[in-house]
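Peer 1: Got a structure for you, questions after.
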Amino acid sequence: MDTLVERAVSAVDPFSHAFLENPYPHHEAFREAGPVVWLEHYGIWAMARHQEVRDALTDWQTYCSGAGVGLSDFRKEPPWRPPSIVLEADPPLHTRTRAVLTRILSPAAISVLRETLMREAESLVERLLARREFDGIADLAEAYPLKVFPDSVGIAEQGRENLLPYGSMVFNGFGPRNDLFDKAMCNAGPVRDWIMSKCSRAALAPNGLGMQIFRAVDAGELTEAEAGMLVRSFLSAGVDTTVYGLGNALYCFATYPQQWTILRENPSLIRLAFEEVLRFEAPVQTFFRTTTRSVDVGGVHLGEGEKVLLFLAAANRDPRRWERPDEFDVKRRATGHMTFGTGIHGCVGQAVARLEAEAVFGALAKRVTAFELTGEPMLRLNNTLRGRDTLPLRLVPA
Ligand code: 4MI
């Protein structure tokens, strides 16, 4: 019999404002407390070390997604929306839906977007240079994905202002039913109705990513209803994640100007630099799994049917895995971060996210020597995402 060690226990609420405002000291405390920590406030487990987070994400048989990847256990309480048939699903359903998305979003398949994404980025940077001063979040980190992503999916222009409120519902919805959740849900009905109205075959442009999902219906891989649900997954996952990712990149380059200088001198580092942003200031901080059986983690016994909170952002700064983990260093090998997850649920849209970042920061690197902060950036608190609400900037042109 394996030796059992006493579990570490914490009273900290990882969804409180104080925690979300500065999670990093708490991440360190969780990592140092043990391989797995009992969070008594919610009656759940938490993992914050790179090895344990990675192992849990890789072992989908033990750590399932079908009971939801938020705090709520779908087997015990009704989900706030019908579960995603890819994110909140296990094999064999997940295998079938994921295969369709993997094909549509493969680097080769999305290379057709490259030219358009590059052109849109150059055009946006041109307009921002003319203004010189702007808000890095609204005018860049939001404006760019809100243009190129729905265009790529093949959604009409009308009503796109519903995309960010829906994303807020989705990502706050992975946390507890706290004030952030209630605020996100204040206009839930109309926002959800608009989103669902964009998920049908009839609402989609003929050549977009959305219609490509419906081609899988014609090929017998999905039902018509499943195709609509996968378009909903695009609209759930494709906007806020990239908004926060681009915003965090801009924030990092504004606060570490010498790192931007390195990129300007060597633009081939841009893709590596974006990985370092994802490691250092992860837009997606956490996801949950649910145990399907009892399991030992470093000598601690976890029961069956228990929620496990995976701190992706803490794994990204684990000194057991990274040298100088709290330093933002665009030259480091940052691949291996947990921000895209890993295993069968690893981000299926990551090639699109990287392409958007390459387009935006490639265009900026050609024409901008520095980003000057003209005011204090303010956080936008969210139960899952980390990023800023405002980022007042002045561009220094080349
Ligand atoms: C990891 S972000 C995300 C992925 C998928 C979905 C939502 C958010 C979904 O609805 O399938």
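Peer 1: For the peptides 6-19, 283-296, what is the packing order when you average, over each peptide's residues, the other Cβ atoms within 10 Å and list the highest mean first? Can you show the working numbers first?
Peer 2: Details: 6-19: 15.3, 283-296: 20.5.
So the order, starting with the most tightly packed, is 283-296, 6-19.
Peer 1: What ratio of Cα Rg to 2.2 N^0.38 Å holds for the stretch 34-118? Working shown, then result.
Peer 2: Working: Rg = 17.0 Å, N = 85, 2.2 N^0.38 = 11.9 Å.
In units of the 2.2 N^0.38 Å rule of thumb, it is 1.43.
Peer 1: Using the beta-carbon distance between residue 266 and residue 188 and R0 = 30 Å, what value does 1/(1 + (r/R0)^6) give for FRET efficiency, to the nearest 0.05?
Peer 2: Once rounded, the FRET efficiency stands at 0.05.
Peer 1: Using all C-alpha to C-alpha distances in the stretch 219-297, build P(r) with 10 Å bins and read off the rounded percent in each one.
Peer 2: Distribution as computed: 15, 29, 23, 23, 11, 1 percent.
Peer 1: May I pose another question? In debye to the nearest 20, how big a dipole does the chain give about its Cα centre with +1 on each Lys and Arg Cβ and -1 on each Asp and Glu Cβ? Walk me through the numbers on the way to the answer.
Peer 2: Values: 44 positive and 50 negative charges, 161 e Å.
About 780 debye.
Peer 1: For a paramagnetic label modelled at 7 Å from the Cα of residue 58 toward its Cβ, which residues of the stretch 331-348 fall within the zone defined by backbone nitrogen distances under 17 Å?
Peer 2: 335-347
Peer 1: When N is the residue count of the stretch 265-339, what does its C-alpha Rg come to as a fraction of 2.2 N^0.38 Å? Please list the in-between numbers first.
Peer 2: Details: Rg = 15.8 Å, N = 75, 2.2 N^0.38 = 11.3 Å.
The stretch 265-339 yields a ratio of 1.39.
Peer 1: Can you give the FRET efficiency to the nearest 0.05 for residue 131 and residue 219, using r as the Cβ-Cβ distance and R₀ = 45 Å? Intermediate values should be presented prior to the final figure.
Peer 2: On the way: r = 47 Å, r/R0 = 1.04.
E between residue 131 and residue 219, to the nearest 0.05, is 0.45.
Peer 1: Return the long-range amide H neighbours of residue 370 (sequence gap of 5 or more, or a different chain), with a cut-off of under 5 Å between placed amide H atoms.
Peer 2: 396
Peer 1: Where does each of 52, 265 land when they are ranked from fewest to most other beta-carbon atoms within 10 angstrom?
Peer 2: Values: 52 22, 265 9.
Ordered by Cβ neighbours within 10 Å, fewest first: 265, 52.
Peer 1: Let me ask another. What's the extension gain from residue 379 to residue 335 if we count 0.36 nm per residue and subtract their Cα-Cα distance?
Peer 2: The span from residue 379 to residue 335 would gain 13.2 nm if fully extended.
Peer 1: So for the chain, averaging the separation of alpha carbon pairs under 8 Å that are six or more residues apart and normalising by length, what relative contact order in percent results?
Peer 2: On the way: 684 pairs, mean separation 104.2, N = 398.
Here the relative contact order equals 26 percent.
Peer 1: Could you derive backbone 3J(HN,Hα) for the stretch 373-389 from the dihedral phi with the Karplus parameters 6.51, -1.76 and 1.60 (θ = phi - 60°), listing whole Hz in sequence and x where the residue is Gly or Pro?
Peer 2: Result, ordered by residue: 6, 9, x, 6, x, 10, 6, 10, 6, 8, 5, 10, 9, 10, x, 9, 8 Hz.
Peer 1: Nearest 500 deg cm²/dmol is fine: what mean residue ellipticity at 222 nm does the chain get from its DSSP H runs of n ≥ 4 alone, each adding -39,500 (n - 2.57), divided by its residue count? Don't skip to the answer; put the middle values down first.
Peer 2: Values: 17 runs with 177 residues, N = 398.
It comes out at -13000 deg cm²/dmol, rounded to the nearest 500.
Peer 1: Also: Do you know the relative contact order of the stretch 144-222, to the nearest whole percent, from alpha carbon pairs under 8 angstrom that are 6+ apart? Each step should come with its number before you reach the end.
Peer 2: Details: 58 pairs, mean separation 31.2, N = 79.
So the answer I get is 39 percent.
Peer 1: Could you compute the FRET efficiency for residue 73 and residue 394, with r as their C-beta to C-beta distance and R0 at 41 Å, rounded to 0.05?
Peer 2: Numbers: r = 48 Å, r/R0 = 1.16.
The computed FRET efficiency comes out at 0.30.
Peer 1: Report the percentage of all Cα-Cα pairs in the chain whose separation exceeds 30 Å, rounded to a whole percent. Can you show the working numbers first?
Peer 2: Values: 31224 of 79003 pairs.
Summing the P(r) tail past 30 Å for the chain gives 40 percent.
Peer 1: Under a plain spin-label model, where a point goes 7 Å from the Cα along Cα-to-Cβ, how far apart in nm are residue 114 and residue 296?
Peer 2: For the pair residue 114/residue 296, the computed spacing is 5.0 nm.
Peer 1: Towards the positive end of the charge dipole of the chain, with charges on Cβ (+1 Lys, Arg; -1 Asp, Glu), say which of 337, 155, 34 has the farthest Cα.
Peer 2: Toward the positive end, the furthest listed residue is 155.
Peer 1: What residues have an amide H closer than 5 Å to that of residue 306, excluding those fewer than 5 places away on the same chain, when H is modeled at 1.01 Å from N in the peptide plane?
Peer 2: Correct list: 291.
Here, each number is a calculation from the coordinates, and none is a lab measurement. None of the values given here were measured: they were computed from a predicted structure. All Cβ positions, even for glycine, are placed from backbone atoms using ideal geometry, and neighbour counts span all protein chains on display.
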